[in-house]
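Written below as structure tokens is the structure these notes are about.
Bear in mind these aren't lab numbers, they're just calculated from the coordinates by the rules spelled out. Fair warning: this is a prediction, and the values are worked out from it, not measured in the lab. Using ideal geometry, Cβ is built from the backbone for each residue, glycine included, and neighbour counts are taken over all protein chains shown.
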Amino acid sequence: PAKGLSLRGETLRWGVSDDREALLMMSFGILMIFAAGTAFTPAGLAGLPAQRTAARHASARAGVFDFLAFGKAGASHILVSDNARAQRIKAQIEAGQVNFADAAREFSTCPSGAKGGDLGTFGPGQMVGAFNDYCFDPDTVVGELGLVKTKFGSHVIKLTKKP
């Protein structure tokens, strides 16, 4: 017979072969629902695909597997040769004339520019001094743009994950 889970008078049903499979499916479903911030009702579940799409484009939203990067920061950057150029690019992004990823693809001299400037996550000390200090500074706000000068050039940095 079909098993189900009932919360707030709503029942979700699925066909399973035994209680272990039901428990596994229920645990996975609850994990995915809470990770997406969805109400556990049929109406809430119906909006799950749209919420997942929106979550992919949110600038600072925790993901299901963020615990794997515990203690690490995440950032995107645009590397250019001089500070004046970095300031102009930062101003264009803040004015909404161009988005960060497109600016990175167009202006960055770093290979990460091809990925919209995304550097992924990194631990303390893995980046050059001033860049590392900016990303691990408790006062740096996720999603805001900053300028940092290193031996490689000037960086427009957007912190995407706090350690």
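Could you tell me which of rounded, prolate or oblate describes region 101-163, using a ≥ b ≥ c as the square roots of the eigenvalues of the alpha-carbon gyration tensor, with rounded for a/c under 1.5 and, failing that, prolate when a/b is larger than b/c and oblate otherwise?
It comes out prolate by the Cα gyration axes.
Could you name the lysines whose alpha carbon sits less than 25 Å from that of residue 161, not counting residues in the same chain fewer than 8 places away?
Partners within reach: 72, 90, 115, 149, 151.
Enumerate by residue number the GluC sites (Glu not before Pro) in region 76-163 meeting two conditions: DSSP loop (anything except H, G, I, E, B), and at most 15 other Cβ atoms within 10 Å of the site's Cβ.
Here the sparse-neighbourhood loop sites are 144.
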